[in-house]
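To keep things clear, I will list the structure first and then write my remarks on it.
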Amino acid sequence: MKKITAALLLVLVSASLTAQSKVREKDVLGEWDVIIDLQEAREEVEDDLEEEDSWIARRFARGISNFAFNIVESIDIRFDFRRDGELKMSFNVLGDREVEYMEWYINRDGELIIEDDDRNRRRRRNNSSFNFSNDDDVWMMKDGKLQAFERTRRGRLEIKKELYLKRR
């Protein structure tokens with residue numbers, strides 16, 4: 001019985017060390033840079049290309065994928081979280097600057113939700129259940145940054161390693 005209890009305690013402690021932290025409003029307010037880390041995606045593409053039989057097809061696909069990765073990496077996105085639940089998103093894409101406004105809130109589980117649809121904003125804030133909208137992404141604090149997570153069909157959170165926000 002002691003071994004089972006010790007093993008259970010060890011699992012709980014290790015799970016809590018790797019868990020993400022709940023988001024608080026004071027932690028979110030201000031400007032953040034959106035970071036899209038494409039290193040893992042680049043490696044997957046390279047692995048897939050190695051399986052291609054034709055060297056010309058490999059060369060062509062590698063050129064196209066590098067072009068696409070370079071464009072994505074050149075996009076500059078900034079989030080400005082404001083007190084009233086407003087989120088100002090600034091995009092700089094190949095020299096063209098654009099600004100959009102969205103909404104954000106923190107649900108009862110301490111997860112940051114960012115939405116571009118404001119029709120049901122008041123109802124959501126008063127509702128204690130999780131809102132499954134078109135997008136099941138949530139943001140949680142992890143290692144001093146806002147990390148993107150995706151809610152699976154079973155309600156679990158899976159980390160999206162390639163997408164996170166870093167305070168400006």
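The values are calculated or read from the model by the stated rules, or taken from the named source; none is laboratory data. Note that the structure is predicted; figures quoted are calculated from it, not measured. Positions of Cβ are generated from backbone atoms using ideal geometry, with glycine treated the same way; all protein chains shown enter the neighbour counts. The protein model used for the area step is the full one, side chains on, heavy atoms only, and it has no ligands, DNA or RNA in it. Shrake-Rupley method; radii C 1.70, N 1.55, O 1.52, S 1.80 Å.
Name the residue that is nearest to I114 (Cα to Cα), counting only residues in region 6-45 that are modelled with pLDDT under 55 and open to solvent by 80 Å² or more (accessible area, probe 1.4 Å).
The residue in question is T18.
Count, please, the residues in region 46-62 that happen to be open to solvent by 40 Å² or more (accessible area, probe 1.4 Å) and either part of a helix (DSSP H, G or I) or at pLDDT 90 or above (or both).
Number of matching residues: 10.
State whether the residues of region 138-160 include one that is at pLDDT below 90 and not in a loop (DSSP other than H, G, I, E, B).
yes
Do you know which residues across region 63-109 are in a loop (DSSP other than H, G, I, E, B) and open to solvent by 30 Å² or more (accessible area, probe 1.4 Å)?
First, the residues of region 63-109 that are in a loop (DSSP other than H, G, I, E, B): 75, 82-85, 94-95, 107-109.
Within region 63-109, I75, R82, R83, D84, L94, G95, R108, D109 qualify.
Could you check how many residues of region 102-136 are modelled with pLDDT of 90 or more and in contact with an Asp or Glu (Cβ under 6 Å, 6 or more places away or on another chain)? Explain how you work it out, then say what you get.
First, the residues of region 102-136 that are modelled with pLDDT of 90 or more: 102-115.
Applying the additional criterion that residues be in contact with an Asp or Glu (Cβ under 6 Å, 6 or more places away or on another chain) yields 102-103, 115.
Here the count works out to 3.
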